[in-house]
Amino acid sequence: MTNEHVLVSEWITTLSLAVELKDEFAPHLDVRGNVTLKLIGGNRERAVEQPGRSGYYLFRDVPNGSHQLETEAYYYVHEPVAVMLPRPDPKSPVMQLLLKPNPSYSFPEGTTLLKGIVIDASKRPLPDVRINVVNRSESTLTTSKGAFVLYFKTMAADTLAVILRLNRAGGSSKDISAEIKKGKVVLLGNIEYP
């Protein structure tokens with residue numbers, strides 16, 4: 001008779017957050033390129049570089065409280081999102097995150113685009129400048145190189161005069177005027193801020 005030893009272990013884990021990524025420009029298509037999500041809070045940073053088999057980015061055993069969800073991706077804007085855990089319905093910890101295209105994104109031909117670079121008085125690029133189109137829903141952030149792109153899906157006319165409002169945390173705002181043309185790329189060049 002042989003003495004057999006069986007080691008039984010139990011691992012209990014709690015799903016704190018499941019993130020589904022969607023491309024804001026083309027939500028019916030897969031997200032482009034590699035995306036890393038970071039959940040920062042509770043004196044810890046947790047990174048998930050690949051979605052699970054379900055297609056969701058899964059964060060397990062995260063303490064309750066306020067966290068910040070950050071994305072790192074070549075084709076999308078790095079725009080932190082505040083997340084409170086537990087989610088409103090702890091039995092459904094899923095959130096959808098829309099990824100906003102950045103200037104590296106390959107838009108289809110005929111897309112109405114407005115592009116530019118935000119610089120300071122010394123001609124250095126300014127990252128993380130918020131750009132909102134006044135009286136419309138379009139908005140974005142500048143990249144680490146100060147570049148930005150805004151896309152316009154709906155236009156009532158072939159040309160549209162818009163006002164861009166530039167803001168940076170702790171800074172003043174600046175408005176600039178631009179005219180966009182349906183189906184065209186309008187390049188604004190360098191925009192000095194503030």
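The values are calculated or read from the model by the stated rules, or taken from the named source; none is laboratory data. Bear in mind the structure is a predicted one, so any value in this text is a computation, not a measurement. All Cβ positions, glycine included, derive from the backbone under ideal geometry; neighbour counts span all protein chains shown. Side chains included, ligands, DNA and RNA excluded: accessible areas come from the protein's heavy atoms. Shrake-Rupley method; radii C 1.70, N 1.55, O 1.52, S 1.80 Å.
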Margin query: Treating only the Cβ of Lys, Arg, Asp and Glu as charged (+1, +1, -1, -1), what charge dipole size does the range 8-161 show about its Cα centre? Round to the nearest 20 debye.
Written below: 200 debye
Notebook entry, point to check: For the range 84-194, what are the per-bin percents of Cα-Cα distances with bins 10 Å wide, up to the bin holding the maximum?
Noted result: 13, 41, 26, 14, 5, 0
Item checked: trypsin sites (Lys or Arg not before Pro) restricted to the range 81-161 and DSSP loop, no more than 11 other C-beta within 10 Å -> K91, K123, K153
Check: Are there chymotrypsin sites (Phe, Trp or Tyr not before Pro) in the range 21-94 that DSSP puts in a loop and that have at most 11 other Cβ atoms within 10 Å, and which ones?
Finding: Y74
Item checked: Fraction of accessible area attributable to carbon and sulfur, the chain (%, probe 1.4 Å) -> 49 percent
Checklist line | Dipole axis of the range 1-135 (+1 Lys, Arg; -1 Asp, Glu on Cβ), positive-most option in M84, H5, T112 | finding: T112
Check: Projected area of the range 37-152, taken from the Cα convex hull and averaged over every viewing direction, in nm²?
Finding: 10.0 nm²
Next item on the list: Could you work out the relative contact order of the range 60-180, using alpha carbon pairs under 8 angstrom and six or more residues apart, expressed as a whole percent?
Entry: 19 percent
Notebook entry, point to check: Hey, what's the range 56-172 come to in accessible area per residue, 1.4 Å probe, Å²?
Noted result: 53 Å²
Note to self: Let me check the size of the chain from its C-alpha atoms; what are the radius of gyration and Dmax in Å?
What the structure shows: 21.4, 89
